[in-house]
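The structure appears below as structure tokens.
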Amino acid sequence: MKQETILLVDDEKEIVNLLDIYFRNEGYRLLKAYDGMEALDYLREETVDLIIMDVMMPRMDGIAACMEIREEQNMPIIMLSAKNSDMDKILGLSIGADDYLGKPFNPLELVARAKSQLRRYHRFNKDTPVKPSENELIFEDLVIDIGKHEVSVDNRKIKLTPREFSILELLARHQGQVLSMEQIYTNVWSDPFLDGGNTVMVHIRNIREKIELDPKRPCYIQTVWGIGYKLDRPS
């Protein structure tokens, strides 16, 4: 089995070295960078399965680096930050991060979150052959190719993060059925719901901005006020 590679990006070398120990003990291959520009240099040369990246760094911060990475690649990104307000978390998720963990954190929790992200990422990107009827979920001109982890609208390829893809797939598998924010969160994040409502709303907004011609008048993902969301024609 191929050894998975994690890129650690943080200007605090003590944190990087500590996490290096924890993840190497779990059998991962580690790359270490100390700002966003160094992380981008690694990604031009290396195949990376997961990125763990601090927000506040010199030269290029984590937000700018995450945005640039998302232009080309869809591996999971976990953001770390000493800023723990809801708005900081929403910003991190809205620019393409898949998870957000405040500092200080328990390294064992970060390891657990990383494993969860990697399982989900490889499940959606595995090369196991499937029948065409099982491989694609279709709604109107929206096509979700499960095997290739690709989405297209009217034959136009759409770049989604792994988390966005998981949400859209979940809605597509329950077309016309209203799913609550709690159902979406627990299915996609595999964590207790707690305060996950804002997280779901941010991801739904991001998906709409990518697949809808007019996100304010969605043709695919409909809001059912007070309940949740569904993939359906507008009423």
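Taken together, the values in this text are just the output of simple stated rules run on the coordinates, not laboratory data. This one's a predicted model, so the numbers in the text were calculated from it and none came from an experiment. Backbone-built Cβ (ideal geometry, glycine too); neighbour counts: all protein chains shown.
Based on C-alpha pairs under 8 angstrom that are at least 6 apart in sequence, the chain has a relative contact order of 13 percent. Rounded to the nearest 20, the size of the Cβ-charge dipole of the chain about its Cα centre is 560 debye, with Lys and Arg at +1 and Asp and Glu at -1.
Applying a DSSP loop filter and a limit of 16 other Cβ atoms within 10 Å to the GluC sites (Glu not before Pro) in the range 171-226 leaves Glu212. For Ser152, what is the net charge nearby, where nearby means another residue's Cβ is under 13 Å from its Cβ and Lys, Arg count +1, Asp, Glu -1? Here the charged neighbours net out to -1.
With θ taken as phi - 60° and the Karplus curve 6.51 cos²θ - 1.76 cosθ + 1.60 applied, the whole-hertz 3J(HN,Hα) list for the range 3-9 is 6, 7, 10, 10, 9, 9, 10 Hz, x standing for glycine and proline. With the charge dipole of the chain set up from +1 on Lys and Arg Cβ and -1 on Asp and Glu Cβ about the Cα centre, the Cα lying farthest toward the positive end among the listed residues Thr186, Met56, Met87 is that of Thr186. Largest GNM mean-square fluctuation among Pro218, Pro104, Pro58, using the chain with Cα springs under 10 Å: Pro104. Tell me the angle of helix 107-125 to the major Cα principal axis of the chain, expressed in degrees between 0 and 90 and rounded to the nearest ten. On a 0 to 90 degree scale, this one is about 50. Cross-link partners of Lys159 among lysines, defined as those whose alpha carbon lies under 21 angstrom from its own and excluding same-chain residues fewer than eight positions apart: Lys126, Lys148, Lys210, Lys216, Lys230. For the chain, the mean residue ellipticity at 222 nm estimated from helices alone is -13000 deg cm²/dmol, where every DSSP H run of n ≥ 4 contributes -39500 (n - 2.57) and the total is divided by all residues, rounded to the nearest 500.
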